[in-house]
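The next block holds one structure in the form of structure tokens; read it before the comments.
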Amino acid sequence: MHVYKYNHSWHSREKSNIIVLLWWFIQGTLFRFSLHNMYRWRSFLLRLFGAKIGKGVKVRASAKFTYPWKVSIGDYSWIGDNVKLYSLDEIIIGSNCVISQESYLCTGSHDIKDPYFGLITKPIVIKDGAWIASDVFVYPGVTIHEMAVVAARSTVVRDVPANEVHAGSPAKFVKKRFEEDELL
Amino acid sequence: MHVYKYNHSWHSREKSNIIVLLWWFIQGTLFRFSLHNMYRWRSFLLRLFGAKIGKGVKVRASAKFTYPWKVSIGDYSWIGDNVKLYSLDEIIIGSNCVISQESYLCTGSHDIKDPYFGLITKPIVIKDGAWIASDVFVYPGVTIHEMAVVAARSTVVRDVPANEVHAGSPAKFVKKRFEEDELL
Amino acid sequence: MHVYKYNHSWHSREKSNIIVLLWWFIQGTLFRFSLHNMYRWRSFLLRLFGAKIGKGVKVRASAKFTYPWKVSIGDYSWIGDNVKLYSLDEIIIGSNCVISQESYLCTGSHDIKDPYFGLITKPIVIKDGAWIASDVFVYPGVTIHEMAVVAARSTVVRDVPANEVHAGSPAKFVKKRFEEDELL
């Protein structure tokens, strides 16, 4: 391995370094130290930096977004305390989703065969009504489908089908969320 | 799911919003930036906000308590760096317990069958002489019995019997801590 | 258990309390709030407090070192955001290593048979070209050998042989990183 020859020039942050640093500064100040209930203010700041944020979204002040312009969050979804959206690639969250505290959505990895340790990024998609409970780690490229649930402290390394509850490290099928006759 | 109709009105923080915000402010300032060895000062602040704290308790400055008035800690117990007591419900810690750094005691969950995603809370009990090692995640409703040990980075989803060592995600029985003839 | 009789007098921090507190103060200020690209400045501060830091090393500003004088990092290695080097004992990192964000290298434990809960410390060794991905927890005494890879969110409780990819909690063998004919 020759990490000193690391080259991720193919990858674009999509914004200039000035914008990136400005966002990190604002995230660490105006965003981080806003009062608990100032959800509209934080949605405003995120939109200002290019995030697509629906109506009624509740993002806690301690949540962190690496590049907000690569993030989209649908109506009424919640982003909990200390959640990290490591958005080197797109993170697309539907409506009525809950991402609970301490969870980490990781869109970046490296090519372990490449002697120069090339950067790999893949999008993460979380569909309507899904719940990612506390301290869950989601791998790059994963899709969590409609109404799925991931139990607290799980590690999600592959897609979770709609309406299924997964748990563990790696997360595996536990049960259906709703039975056939419970689905309206 | 209709997260926008989320209703947790049955749940009581037991204190007014002013007291909650005041605690969070003090936790982020006078508590957080107290010097390493000012254990008595931090116990004083916790007691001021209704926590029951025994004698000789050592809580590190970076530990976080959501609602201290729902927490009880027995004599000589330690709470390590960055431990989070997410005390929506009671957290009852015995005497001579150690909760090591980065661990998370989570008393809150949600009803995944409820279209309004109703809040569920259950107490966590940690009995005398138990050791929760670093970066352990404890689920709502769990009791960890006398002298039990949970290995570092485990996820505790069910009760741990007295004098047993559990490890893994989910944490499972590994061995007895003391053999019969070692118990005094 | 008699935590109040806890005695770790055998263990030496190797520096006076003044130096320890001074380091923690500098780490929380000059180190923590240095600009993103000031890698040389952070290497300078670490060396000032006794760390052996090679050339071209990149340590992020949010990384934390308990006692830098017990840490050695070889040429061109990277230490990511929020990585914690809990260096009660030695942490020896080779060259061209990557320790990704949120990982925790834990050199401390306790003797669970000892009624006074005696401190145990063991070194951690990470050899040339190894990659510890995001949010990995490494147990005391573990050696991760040349060119090994530990997948994100794993828990490493025993040694990882050279050129192997391990994943899970506890981390287990998944595959070889390079096949025989790929090794140059």
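What to note about this one:
- Condition check for residue C:163: out of contact with any strand residue (DSSP E or B) (no Cβ under 8 Å at 6 or more places or on another chain) and either within 14 Å of chain A (Cβ to nearest Cβ) or of a type in the set (Gly, Ala, Ser) (or both): no
- The residue list A:17, A:7 contains one member that is within 20 Å of residue C:33 (Cβ to Cβ) and within 14 Å of chain C (Cβ to nearest Cβ), which is A:17.
- Selected residue (criterion: nearest to residue A:135 (Cα to Cα)) from residues of the range B:135-184 that are free of Cβ contacts under 8 Å to residues at least 24 places away in the same chain and of a type in the set (Lys, Arg): B:153
- Hits in the range C:1-24 - residues which are surrounded by 12 or more Cβ atoms within 10 Å (Cβ to Cβ), among the hydrophobic types (A, V, I, L, M, F, W, C) and in a loop (DSSP other than H, G, I, E, B): C:1
- Residue B:62 vs. criteria among the hydroxyl-bearing types (Ser, Thr, Tyr) and over 11 Å from the mean Cα position of the chain (by Cα): yes
- Test: residue in the range B:25-43 that is away from chain A (no Cβ under 14 Å), of a type outside the set (Phe, Trp, Tyr), open to solvent by less than 20 Å² (accessible area, probe 1.4 Å) and not in a loop (DSSP other than H, G, I, E, B): yes
- Odd one out for residue C:66 among (1) out of contact with any strand residue (DSSP E or B) (no Cβ under 7 Å at 6 or more places or on another chain); (2) within 12 Å of another protein chain (Cβ to nearest Cβ): (1)
Residue-wise test of (1) free of Cβ contacts under 8 Å to residues at least 24 places away in the same chain; (2) open to solvent by 30 Å² or more (accessible area, probe 1.4 Å); (3) in contact with a Gly (Cβ under 7 Å, 6 or more places away or on another chain).
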site	(1), (2), (3)
C:46	no, no, no
C:52	yes, yes, no
C:55	yes, yes, no
C:67	no, no, no
C:79	yes, no, no
C:82	yes, yes, no
C:88	no, no, yes
C:91	no, no, no
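- Members of the range A:98-134 that are within 14 Å of chain B (Cβ to nearest Cβ) and either over 19 Å from residue A:158 (Cβ atoms) or modelled with pLDDT under 95 (or both): A:98, A:100, A:101, A:102, A:128, A:129, A:134
- Matching entry among B:128, B:135, B:181, B:159 (being closer than 23 Å to residue C:137 by Cβ and not hydrophobic (A, V, I, L, M, F, W, C)): B:135
- Test for residue B:124: is it under 30 Å from residue A:128 (Cα atoms), free of Cβ contacts under 8 Å to residues at least 40 places away in the same chain and of a type in the set (A, V, I, L, M, F, W, C): no
- Conditions (1) closer than 19 Å to residue A:107 by Cα; (2) touching a Phe, Trp or Tyr at 6+ places or on another chain (Cβ under 8 Å); (3) open to solvent by less than 30 Å² (accessible area, probe 1.4 Å); (4) not charged (D, E, K, R): number failed by residue A:73: (2)
- Remark: residue A:93 falls outside the filter, which requires a residue to be more than 13 Å from chain B (Cβ to nearest Cβ) and under 25 Å from residue B:115 (Cα atoms).
- Which listed residue, of A:84, A:52, is within 11 Å of another protein chain (Cβ to nearest Cβ) and either more than 18 Å from residue A:137 (Cα to Cα) or in contact with a strand residue (DSSP E or B) (Cβ under 6 Å, 6 or more places away or on another chain) (or both): A:84
- Residue among A:98, A:71, A:59, A:83 that is in contact with a Lys or Arg (Cβ under 7 Å, 6 or more places away or on another chain), within 25 Å of residue A:147 (Cβ to Cβ) and not polar (S, T, N, Q): A:59
- Scanning the range A:64-79 for residues that are part of a loop (DSSP other than H, G, I, E, B), over 18 Å from residue A:21 (Cβ atoms) and not aromatic (Phe, Trp, Tyr) gives A:74, A:75, A:77.
- For residue A:96, the conditions (1) part of a loop (DSSP other than H, G, I, E, B); (2) closer than 30 Å to residue B:105 by Cβ; (3) open to solvent by 50 Å² or more (accessible area, probe 1.4 Å) are fulfilled apart from (3).
- Residue within the range C:103-119 that is under 20 Å from residue C:165 (Cα atoms) and in contact with an Asp or Glu (Cβ under 8 Å, 6 or more places away or on another chain) present: yes
The values are calculated or read from the model by the stated rules, or taken from the named source; none is laboratory data. Keep in mind it's a predicted model, so treat the numbers as computed, not measured. Neighbour counts run over all protein chains shown; Cβ positions are idealised from the backbone, glycine included. SASA here: full protein model, heavy atoms, side chains in, ligands and nucleic acids out. Shrake-Rupley method; radii C 1.70, N 1.55, O 1.52, S 1.80 Å.
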